[in-house]
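The values are calculated or read from the model by the stated rules, or taken from the named source; none is laboratory data. All figures in this text were calculated on a predicted structure; none of them were measured in a lab. All Cβ positions, even for glycine, are placed from backbone atoms using ideal geometry, and neighbour counts span all protein chains on display.
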C-alpha cells in the first residue's frame, strides 16, 4: 500500500499574513441624556433622566489589505429574525472576514465614515429615538434614506 505525500512542502514567509481572519476593531456605544420638556420638568442635573443610546462608533483596523486602493464598505441590512434590529456589516475584502454588529433599527442613523492608513473610522448617530413616530428609515453610506 503506497501513500502519496508531498516531499517538497514549502512554507513562505507571507503565508500567515494573508490567511483569512477577522480584523481588530473597537466599538463604542455613545450614550447621553435627552433634555426634552418632560425630562426638564421631572429631572435636574443632580438627578438626571435615564441615559439613552445616541449612536455607535466603530474603529476597524485593516493593516494587511491585499487591494489597498479600495476602501472598506458597510451596509445596513434588516435582521431576518425580528423587525426590531438591523445588521451593520463591514466588508473590506481579502484577507479579512466581514464584521457584523446588531443595532436597533427603529431609529434613523446619520453616518460619518473615514478610511485612512488602513483604519476605518465610522460613526452612526441616531437622529431619532424609539418612541418617536417617524417610521423605520435609515441612512445608507451614500446618504440616501431607505425605509425598511
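Assorted remarks:
- Checklist (1) surrounded by 12 or more Cβ atoms within 10 Å (Cβ to Cβ); (2) modelled with pLDDT under 90 applied to residue 49, failing item: (2)
- Count of residues meeting criterion [farther than 18 Å from residue 21 by Cα and either surrounded by 14 or more Cβ atoms within 10 Å (Cβ to Cβ) or touching a helix residue (DSSP H, G or I) at 6+ places or on another chain (Cβ under 8 Å) (or both)] in the range 79-99: 5
- Residue in the range 22-32 that is surrounded by 11 or more Cβ atoms within 10 Å (Cβ to Cβ), modelled with pLDDT of 85 or more, farther than 24 Å from residue 105 by Cβ and over 15 Å from the mean Cα position of the chain (by Cα) present: no
- The number of residues in the range 32-48 that are in contact with a strand residue (DSSP E or B) (Cβ under 6 Å, 6 or more places away or on another chain) and free of Cβ contacts under 8 Å to residues at least 40 places away in the same chain comes to 1.
- First in the range 62-85 and without any contact (Cβ under 8 Å) to a residue 40 or more places away in the chain, second anywhere and assigned to a strand (DSSP E or B) and surrounded by fewer than 12 Cβ atoms within 10 Å (Cβ to Cβ), Cβ under 6 Å, 6 or more apart: 85/102
- The residue list 56, 43, 62 contains one member that is at pLDDT 85 or above, within 16 Å of residue 115 (Cβ to Cβ) and surrounded by 12 or more Cβ atoms within 10 Å (Cβ to Cβ), which is 62.
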